[in-house]
Structure formats: C-alpha cells, structure tokens
Amino acid sequence: MARENWKDVFDYLEGHTVTWMRGGPEFFEEMAKVISGATKNVQLQVYLIDPDETGNLVLNALKSAAKKGVEVSLVVDDFGADKLNDIHAEELLKAGVFFKRFEPYVSTGKYYFGRRMHHKILVVDEKIAIVGGMNIADRYRGTKTHPAWMDYAVKVTGPVCSELS
C-alpha cells in the first residue's frame, strides 16, 4: 500500500514549538487567552463542554472573538455537551459563532444509536493549536474541594497548525 501522504514525526521538527500542558486552571486560562488573541479564525472541536465557570470562560472567549470579526467555529458532541441547551446555542449563534452538534444522540433507554466525537482540538489563526485530552468543565479545571482531572495536552505553534485546521 502506497503512503503518498504519509508524514513522519521528523517531517514536523523544523519550525515548530511544542509545550506540554497539564489540566488545571492554567490550561483553561491559556486556552481562553489563545482564543482572545485570534485575528482571523478559531476552530474548536470538543467532546464535552459544560456551561459552568470553566465552560463559560471558554464560551465567552469564543463569543468575544466572533463579535470582533473573527471567524469562529465550535463543534461539540451532542451527548458529551448535553448541558449546552438551546439557549446557550442561540447565544453562540447570535454572537456570530458557527455552532454545530455532532451526531444527535438517540436512545431507546437500553441502546443508543450514533457515533461519538471525542476530538479535543483548538486551532487559532492556523498558527497555534492545542491538542490533547481535555474536556471543558469545572471538574477538569479543579475546584476548591476537588483537584483537576489529570489530563494532558500539547500547545503547538508552526506550520502543522494549518494542516490541523
């Protein structure tokens, strides 16, 4: 089998910086900061985002970016982001965010139908990407009574970001 489009890790070493990130408050503050710094476009695909303090930090950054003319796209899994209701969706759309739910969740009570999207990727201006295991909710950020969920991501800058976009 020919691998015409195959790329090896060594193809991505030139012109990139990679920062290892662990979940917690700093991660979500960096995510909001990267979104806020966007000038052209923001693409976020995430399995789970709750409209709690952490989710609102990110959602507000997305809405603010869209309001200043940045093209913003948010795709969430319909099951994973079930706490985002129609009111939240309307607020996103009204702010100018292209909002889409991946694969509507259909359940008979015993069985469910449909695929899930577990992507967790943010690409900003095709120059910065954050890719990893982080969902967006207080329980992943940590609270006064519970530590942050132990997830990791990488923040990448460089040419590969346009391919991720």
Which condition number in (1) over 13 Å from LEU48 (Cβ atoms); (2) open to solvent by 30 Å² or more (accessible area, probe 1.4 Å); (3) in contact (Cβ under 8 Å) with a residue 24 or more places away in the chain is the one that ALA153 fails? (2)
With the condition kept exactly as written, say whether any residue in the range 125-148 is open to solvent by 60 Å² or more (accessible area, probe 1.4 Å), farther than 25 Å from SER36 by Cβ and within 17 Å of the chain's Cα centre (by Cα). no
For SER73, all conditions in the list (1) of a type in the set (Gly, Ala, Ser); (2) more than 17 Å from ASP125 (Cβ to Cβ); (3) touching a Phe, Trp or Tyr at 6+ places or on another chain (Cβ under 7 Å) hold save one; what is the number of the exception? (2)
Could you check the range 86-104 and list, in sequence order, the residues that are part of a helix (DSSP H, G or I) and open to solvent by less than 80 Å² (accessible area, probe 1.4 Å)? HIS88, ALA89, LEU92, ALA95
HIS118 vs (1) open to solvent by 90 Å² or more (accessible area, probe 1.4 Å); (2) in contact (Cβ under 8 Å) with a residue 60 or more places away in the chain; (3) more than 12 Å from the chain's Cα centre (by Cα): all pass except (3)
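The values are calculated or read from the model by the stated rules, or taken from the named source; none is laboratory data. This one's a predicted model, so the numbers in the text were calculated from it and none came from an experiment. Glycine gets a Cβ as well: all are built from the backbone with ideal geometry, and neighbour counts include every protein chain shown. Please note that ligands, DNA and RNA were not included when accessible areas were found on the heavy atoms of the full protein model with its side chains. Shrake-Rupley method; radii C 1.70, N 1.55, O 1.52, S 1.80 Å.
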